[in-house]
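Undergrad: Mind looking over this structure? Questions follow.
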Amino acid sequence: MNNHKKDLIVHTFVRILGGLIAFISVFLLTYIFPATEIGKYNLILSSINISISLGTLWLTQSILRYYHVDKNLGFIISLSIYSLITSVVFYIIFAFIFKQEINFWILTYIVIFGIYSIGDSFFRSSNKIYYYMFLELAISIGKVFPMYFLAITFKSINAIFASQILLVSLLLLYLIIRNFKRISNFNYRVDWIEFKKYLKFGFPLVGLTISNWVLSASDRYIISFLGNNSQVGIYSTNYLLANSIYMMFSLIVLGAFHPMIMREWHISKESTEKLVNQSLDIYLGLMIPLSFYGILKSHILLSLFKGVSYSHYSIIFNWTVLGIFLYGLSMLFHKYFELIQKTSLILYFNMISAVINVILNFILIPYFGFQIAAFATFLSYLTYIILVYLRTRKHFKLKFNSYHLLVHLSFNFFYFVLDKILINNDSLICFFAEGIIYIASVILIYQFTNMFKITNWIRKKV
């Protein structure tokens, strides 16, 4: 099997299974912990995520950019140690600022998740697709098993961290034992010229990390400041549900095409533009119908969770879905900046959008309630895309296929009208049955209108 096709299949499998497990995890949390504890957990998790990103993102992105050429694993391992220590220090700082808990499980989780982030980039860049798959599955499965039994037994959110620590540690131990002789022969000396190259490319992403955190997570801190942890729990659960489903599908396209685009850039700018436009078309073909149906039926999906408060605030889920849709678009729109190694421009536009997000949250939440934070994030992502497009349109030509957009809009509007007229059943069985009918209809529309067949495109491309 062609390597590109195999990579895409494995990547898709991992993302779909990971998203399904993440959905189950969010579902279980609402039955194990009250909304206040879920809110507390998500505030801690937000601080962990920003800390790990600040410590490792510059390295993970540099690995994706350079490792397939440099192949200097000993050097990468040495830098990883510094990155992990930095991540722990950042969390301790955030914990003191936001008065959050510091314990063994949290600090160990930061180290383990940092290793996961670096390992993920390394396995993708070095094309070790099965190691990548096992690592992704370990971190995903740990969110459910043995998490559920640990949480029921100890009644503590630390069970969520402990479960993932256990599974990822077992995998890391296996990899170390399997590759011990090779690892012991690596040159771990830090080449300062290489280090400066990695830092020059990745350092602007530290600022990007902060702005991304402000865009996607600061709203929870603002809600906590203006409201309470219960509201944070409701907001976070809606957000995590949308994220577990839609970020999964978004990353299938973005993650699969990123290495291809980077390699294509070494061939020609024109072929890269064509590849990015093709990935944009596939992204829209996947995400528009998924986003439409999820928003249309969000109240049914959220009724699965314990308590009516989650489905009552389904508007959070809806705007988060649209925000994730725009996030995926933004990753394609700013691809040119990555290719020409002008990541500082990504930072600049992201910071503008992040500041807008914070201002909107402080203005709108007191008047419209905590649920408006999801709308503020959506507007901020939209601002980012507009700014990036205006800056890159003369240098890197991204084009929407107007015919395909017309098909998307016409079909979904027609389906919306039919749904409101014919469907009066909010049962879960009806949700899945109608979902199958909708997906089948989308596939038929794609074929009858000659839009595209992703299988044919992959076969021709690879």
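Undergrad: Please pick out the residue among 37, 101 that is closer than 23 Å to residue 219 by Cβ, of a type in the set (Asp, Glu) and buried (at least 17 other Cβ atoms within 10 Å of the Cβ).
TA: Values: 101 fails: buried (at least 17 other Cβ atoms within 10 Å of the Cβ).
Matching residue, one of 37, 101: 37.
Undergrad: Is there a residue in the range 74-97 that is of a type outside the set (Ser, Thr, Tyr) and not in a helix (DSSP H, G or I)? Lay out the reasoning, then the answer.
TA: Quick first cut of the range 74-97, residues of a type outside the set (Ser, Thr, Tyr) only: 74-77, 79, 81, 84-85, 88-90, 92-97.
Now restrict to residues that are not in a helix (DSSP H, G or I): none.
Looking through the range 74-97, none of the residues is of a type outside the set (Ser, Thr, Tyr) and not in a helix (DSSP H, G or I).
Undergrad: Is there any pair linking a residue in the range 184-213 that is farther than 14 Å from residue 71 by Cα to one that is in a helix (DSSP H, G or I) and of a type in the set (Val, Ile, Thr), with Cβ under 6 Å and at least six apart or on different chains, and which?
TA: 204/343; 205/343; 208/346; 213/50
Undergrad: Could I ask something else about it? Please work out if residue 389 is part of a helix (DSSP H, G or I) and in contact (Cβ under 8 Å) with a residue 60 or more places away in the chain.
TA: On the way: part of a helix (DSSP H, G or I): yes; in contact (Cβ under 8 Å) with a residue 60 or more places away in the chain: no.
Judged against the criteria, residue 389 is not a match.
Undergrad: Residue by residue through the range 213-244, note down the ones that are of a type outside the set (Gly, Ala, Ser), touching a Phe, Trp or Tyr at 6+ places or on another chain (Cβ under 9 Å) and surrounded by 23 or more Cβ atoms within 10 Å (Cβ to Cβ).
TA: Hits for the range 213-244 are 215, 219, 220, 223, 231, 232, 234, 235, 237, 238, 239, 241.
Undergrad: If I ask for residues that are touching a helix residue (DSSP H, G or I) at 6+ places or on another chain (Cβ under 7 Å), aliphatic (A, V, I, L, M) and assigned to a helix (DSSP H, G or I), which ones from the range 155-174 would you list?
TA: Taking the range 155-174 first, the residues touching a helix residue (DSSP H, G or I) at 6+ places or on another chain (Cβ under 7 Å) are 157-165, 167-169, 171-172.
In the following step, the residues that additionally are aliphatic (A, V, I, L, M) were identified as 157, 159-160, 162, 165, 167-168, 171-172.
Passing the criteria: 159, 160, 162, 165, 167, 168, 171, 172.
Undergrad: Taking helices (runs of 4 or more DSSP H) that fall entirely within the range 203-304, which contain at least 1 residues that are under 19 Å from residue 322 (Cβ atoms) and at pLDDT 90 or above? Steps first, please.
TA: Details: elements: 204-216, 218-226, 229-242, 248-265, 269-296, 298-302.
Helices (runs of 4 or more DSSP H) meeting the threshold: 218-226, 229-242, 269-296, 298-302.
Undergrad: When the range 85-142 is examined, which residues are found to be touching an Asp or Glu at 6+ places or on another chain (Cβ under 9 Å) and small (Gly, Ala, Ser)?
TA: 95
Undergrad: State whether the residues of the range 183-195 include one that is of a type outside the set (A, V, I, L, M) and either in the same structural domain as residue 401 (by TED's automatic domain parsing) or surrounded by 20 or more Cβ atoms within 10 Å (Cβ to Cβ) (or both).
TA: Of the range 183-195, the ones of a type outside the set (A, V, I, L, M) are 184-189, 191-192, 194-195.
If we keep only those that are either in the same structural domain as residue 401 (by TED's automatic domain parsing) or surrounded by 20 or more Cβ atoms within 10 Å (Cβ to Cβ) (or both) as well, we get none.
Within the range 183-195, none of the residues are of a type outside the set (A, V, I, L, M) and either in the same structural domain as residue 401 (by TED's automatic domain parsing) or surrounded by 20 or more Cβ atoms within 10 Å (Cβ to Cβ) (or both).
Undergrad: Scan the range 160-182 and report the pairs whose first residue is not assigned by TED's automatic domain parsing to the domain that holds residue 130 and whose second residue is outside any helix (DSSP H, G or I) and surrounded by 11 or more Cβ atoms within 10 Å (Cβ to Cβ), with Cβ atoms within less than 7 Å and a gap of 6+ or a chain change.
TA: Short answer, once both residue conditions are applied: none.
Undergrad: Kindly establish whether residue 378 is over 20 Å from residue 291 (Cβ atoms) and surrounded by 17 or more Cβ atoms within 10 Å (Cβ to Cβ).
TA: Working: over 20 Å from residue 291 (Cβ atoms): no; surrounded by 17 or more Cβ atoms within 10 Å (Cβ to Cβ): yes.
In short, no.
Undergrad: Have a look at 52, 32, 21 and point out the one that is β-branched (Val, Ile, Thr), at negative phi and crowded, with 23+ Cβ neighbours inside 10 Å. Give the derivation first.
TA: Details: 32 fails: crowded, with 23+ Cβ neighbours inside 10 Å; 21 fails: crowded, with 23+ Cβ neighbours inside 10 Å.
Every option except 52 fails the conditions.
Undergrad: For residues that are touching a Phe, Trp or Tyr at 6+ places or on another chain (Cβ under 9 Å) and closer than 16 Å to residue 57 by Cβ, scanning just the range 82-98, find the one that is surrounded by the most Cβ atoms within 10 Å (Cβ to Cβ). If you could, list the steps in order and put the result at the bottom.
TA: Step one: filter the range 82-98 for residues touching a Phe, Trp or Tyr at 6+ places or on another chain (Cβ under 9 Å), giving 83, 87, 98.
Subsequent filtering for residues that are closer than 16 Å to residue 57 by Cβ retains 83, 87.
Values: 83: 22, 87: 25.
Of everything passing the filter in the range 82-98, 87 is surrounded by the most Cβ atoms within 10 Å (Cβ to Cβ).
The values are calculated or read from the model by the stated rules, or taken from the named source; none is laboratory data. A quick note: this is a predicted structure, and the numbers were derived from the prediction, not measured. Please note: Cβ atoms are built from the backbone with ideal geometry, for glycine as well, and neighbour counts cover all protein chains shown.
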